[in-house]
Each structure stands twice: as structure tokens, then as C-alpha cells.
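Novice: Got a structure for you, written out below as C-alpha cells; questions coming shortly.
The values are calculated or read from the model by the stated rules, or taken from the named source; none is laboratory data. Not measured: the values here are computed from a predicted model. As a convention, Cβ positions derive from the backbone with ideal geometry for all residues, glycine included, and neighbour counts pool all protein chains shown. Note: areas computed on protein heavy atoms with side chains; ligands, DNA, RNA excluded. Shrake-Rupley method; radii C 1.70, N 1.55, O 1.52, S 1.80 Å.
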Amino acid sequence: MDSSLPSPSRAGSLCIIKLGGSSITNKSKLETLNSTALQNCADFIASAYTQFGRRFCVIHGAGSFGHQHAKTAGLCGQTLPPLPPDESGESLEDSRRADLLRGLANTRRSVLLLNHAVTSALVDAGLPAVGISPFSTGGPWTDGGTSLLVRPIADAISAGLLPVVHGDVILYGSPGSDSPAAGILSGDTILSLLATDPSLVGFVSDAVFLTDVDGVHAADPQKDSSAPLMPEVRVDRDGRVVTNGIDASASGHGHDVTGGLAAKLGAAAEVARGGVPVVVVRCGSSAAEA
């Protein structure tokens, strides 16, 4: 462990909860909360926090508070860097660069609105929740083996707080570069980074994906209602999903820019490969409460 990073107390193990954007928002309507689902999630976390003395880190997706803006701007994953002006002060990419930067600003404004709503719901439920934005931390880049994103999260946990992190726009590339690439850092990727970071190995007890479906289905249940639920998804030692019969080729939402089920399974597999149990359940269901 990096000695410069404060170590979270081992008095209580850490459960990382990923709130799917589709489960806490109405993803078909721009910037619309699913208030009932969000309240259910907040009450569930508060109950577990109080009853079992668990520590939590909540990560939430963007849902209808980010994806539309990001897709309109062409932000998905690691977008090519906006080119700076040349010596003449002009660039063939000026128009595209301006569109990209406006899209980045609109996307970030939108996800911050949702982060405020999620954090407020948890605080209202009696939890010491604090919002943490990846854009402001320096993103996933490492310093001494520890992600810059993980440091403020670990600090918050050490102080007894409940971090609430969100999928965000960030600047990729080397810190301090003249023209870093802009792109999306998804909540699923954040969960994987956090659960596998060397500073938290042995402290993260489990990871729970709260979604708008009952779990992992063989196909998208929003498109095929007969798609069977997979009771278990197996992962090999290299972090590859080896369970057959799962079609993760497409997201159920046309404006999703973070990879849909395929990205979720990839992140979950990486976490499971490190020995952390992963559960995928519907938000508000009896299985989630269990």
C-alpha cells in the first residue's frame, strides 16, 4: 500500500454500490428523475448503514442527465483531442473543437445536477453523504500506484463519510498536456478502478449493481421479454466472462454512450477477478434488500 495514502479503517468493510442511471432516472426523458426509485435506494442504503455498520461508497450513472448531451457532442469513451490553433491562430478543427467543449460543459452541468439529487436523497435519509466529481480529481491517472480519483474517496471514507461519485466527463492524456483528450469516464469503470486499486485491496467486501432489470439476462429484456435471467455469470482468471448464452451486444437505450451491458459485464468481471463478489439486482427489489 502507498504509505502516503490514508488507510480507511478496517473496522467495517466497504460495499461499493453502483446505482444504474436507468434505475434512478427516466432515461427516455431528458434530465428526469425517477424519484420513487431514488428514494427506495436511499432508504435501503441508510437501513444497511445503520443496521449492519457497513461502510459504503455510492457510484451512480448519468441516465437521462448526461447521455443525451454527450451523444450530441460526440463524447463517448476517450474522444480524440480537440486540436489547438496553429501558429496562424486558426485551425480546421475550430468548429468541431468549439462544439466538443460546449458538449463537455453541458454534459458536466447535467451530471452535476443528478449528483446533487442523489447526494441530497442520501443526506435526507440521515447519511453523511458527500459528492465527489472525477473531473475535479485528475481522473484515473496514477500517482505512486494509486489512482488520483481514489485518493479523495479514500480520504472521505477514512473520515467516516459516504462518498457519492458519478460518471463524468474528464480530460484524458498526461496531466498538464497542452491539449488533453476529452471523454467520458463511466460509473462502471469508476467502480472497477476503485475495487481493484492497490490501496483498497482487502477492504472492499463486495460490489452491488442496482439496475432497472432483475439481473443479467441472456438478452436485453426491454427488447425480448422472454430473455431468461442468468442466475450466475462465471469469470475466468483472466477476467473474461465464460458463461455462454449472453448477448451483450447492444444497450437498451439508443443514446447510451458508455457501452451498455457489455461495459457493465467487463467492469464486473474485472472486479470479480480480484476476488470481490459482484451482485447485479433490480433497484428496490427483495433481492437488493437481501
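Novice: Calculate, in nm to one decimal, what S35 and L148 gain on full extension: separation in residues at 0.36 nm each, minus their alpha carbon distance.
Specialist: 37.5 nm
Novice: Work out how much length A105 to N26 would gain on full extension: take 0.36 nm times their residue separation and subtract the Cα-Cα distance, in nm to one decimal.
Specialist: Working: separation 79, 0.36 × 79 = 28.44 nm, distance 2.18 nm.
Value of the extension gain: 26.3 nm.
Novice: So if we plug the beta-carbon distance of A98 and D155 into 1/(1 + (r/R0)^6) with R0 = 35 Å, what FRET efficiency do we get, rounded to 0.05?
Specialist: Working: r = 36 Å, r/R0 = 1.04.
The pair A98/D155 has a calculated efficiency of 0.45.
Novice: For the full complex of protein chains and a 1.4 angstrom probe, list Y49, Y172 by accessible area with the highest value first. Numbers along the way, then the final one.
Specialist: Details: Y49 65, Y172 25 Å².
Ranked list, largest accessible area first: Y49, Y172.
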